[in-house]
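This report concerns only the one structure given below.
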Amino acid sequence: MQAIVLVDAKLPQIMVVDTMSDEIVRTVRLEGHDKAAQIARYSPDGKYLVVTSFDAPLGTICEI
């Protein structure tokens, strides 16, 4: 599956979208985040996703 990751503009969560079907296949709640995230970046090997926010001094690492 080829996928992209979207950050939710209102809730502290990310959505994994299958690019073949344009459907959300997974929603990941960002535990510990009080506000929505703004930045999501994959690790060079594509195994991890780092999610951060301008409004909070914390980040989350997700295994995708």
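Just to verify a result, which residue in the stretch 1-36, among those that are basic (Lys, Arg) and not in a loop (DSSP other than H, G, I, E, B), is nearest to Thr52 (Cα to Cα)?
It comes out as Arg29.
For the stretch 4-36, the set of residues classified as over 22 Å from Gly46 (Cβ atoms) and crowded, with 17+ Cβ neighbours inside 10 Å consists of Pro12, His33, Ala36, listed by residue number.
Is at least one residue of the stretch 21-28 of a type outside the set (D, E, K, R) and within 15 Å of Ile61 (Cβ to Cβ)? So far as the stretch 21-28 goes, yes, one or more of its residues are of a type outside the set (D, E, K, R) and within 15 Å of Ile61 (Cβ to Cβ).
Based on this model, can you work out whether Ala9 counts as in contact (Cβ under 8 Å) with a residue 24 or more places away in the chain and more than 15 Å from Ile61 (Cβ to Cβ)? Here the answer is yes, as Ala9 does meet what is asked.
To keep it simple, each residue is scored yes or no on (1) modelled with pLDDT of 85 or more; (2) over 14 Å from Ile4 (Cα atoms); (3) more than 9 Å from the chain's Cα centre (by Cα).
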residue: Asp22; (1), (2), (3): yes, no, yes
residue: Thr27; (1), (2), (3): yes, no, no
residue: Glu31; (1), (2), (3): no, yes, yes
residue: Ala36; (1), (2), (3): no, yes, yes
residue: Ile39; (1), (2), (3): no, no, no
residue: Asp45; (1), (2), (3): yes, yes, yes
residue: Leu49; (1), (2), (3): no, no, no
residue: Asp55; (1), (2), (3): no, yes, yes
residue: Leu58; (1), (2), (3): no, yes, yes
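The values are calculated or read from the model by the stated rules, or taken from the named source; none is laboratory data. All values derive from a computational prediction rather than experimental measurement. So basically every Cβ, Gly included, is an ideal-geometry build from the backbone, and we count neighbours across all protein chains shown.
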